Structures are given as structure tokens and as C-alpha cells.
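Participant: Below is a structure I'd like to ask you about.
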Amino acid sequence: MTSDTVEIWAGILGLAYIAALGLYSEMLSARKRSRVAASYGFGRHTRPRAARSKHSR
């Protein structure tokens with residue numbers, strides 16, 4: 001293989017590694033968010049959200 005081919009493959013593998021690292025960190029943060037929401041209150045009940053009203057002028 002020529003050095004150009006090696007550089008291209010190194011770039012592709014580097015970008016794939018960065019993309020996989022980003023996806024992994026997103027999965028971890030999503031897992032943390034779901035634990036916090038599920039642990040609120042008793043059982044599986046979640047905190048009720050306040051109704052939002054639109055202010056008309």
C-alpha cells in the first residue's frame with residue numbers, strides 16, 4: 001500500500017473512533033437522565049409537569 005492509502009485509512013478510522021466515542025457518551029448521558037426521572041417519587045410515578053399557558057397581548 002502507498003503512503004496515501006495509509007493516510008486515508010488512518011483518517012477514516014480516526015473519524016470512526018471519534019463518532020463512536022460521541023455515541024457512547026450520548027448513551028451514558030441518556031442512561032443517567034432516565035435514572036433520575038425514574039427515581040423520583042414512589043414507584044414509577046413521575047413528577048407532574050405544570051401546564052404552560054400562552055400569554056396573549
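The values are calculated or read from the model by the stated rules, or taken from the named source; none is laboratory data. These figures come from a predicted structure and were not determined experimentally. Virtual Cβ from ideal backbone geometry, glycine too; neighbours counted across all protein chains shown.
Participant: If you scan region 1-12, which residues turn out to be loosely packed, with under 10 Cβ neighbours inside 10 Å and in a helix (DSSP H, G or I)? Let's see the steps before the verdict.
Facilitator: Filtering region 1-12 down to residues loosely packed, with under 10 Cβ neighbours inside 10 Å leaves 1-5.
Within region 1-12, Ser3, Asp4, Thr5 meet the criteria.
Participant: Return the total of residues in region 13-50 being in a helix (DSSP H, G or I) and modelled with pLDDT of 60 or more. Before you say what the answer is, go through the steps one by one.
Facilitator: Our first condition is that a residue be in a helix (DSSP H, G or I); within region 13-50, this holds for 13-38.
Subsequent filtering for residues that are modelled with pLDDT of 60 or more retains 13-35.
Counting residues in region 13-50 that are in a helix (DSSP H, G or I) and modelled with pLDDT of 60 or more gives 23.
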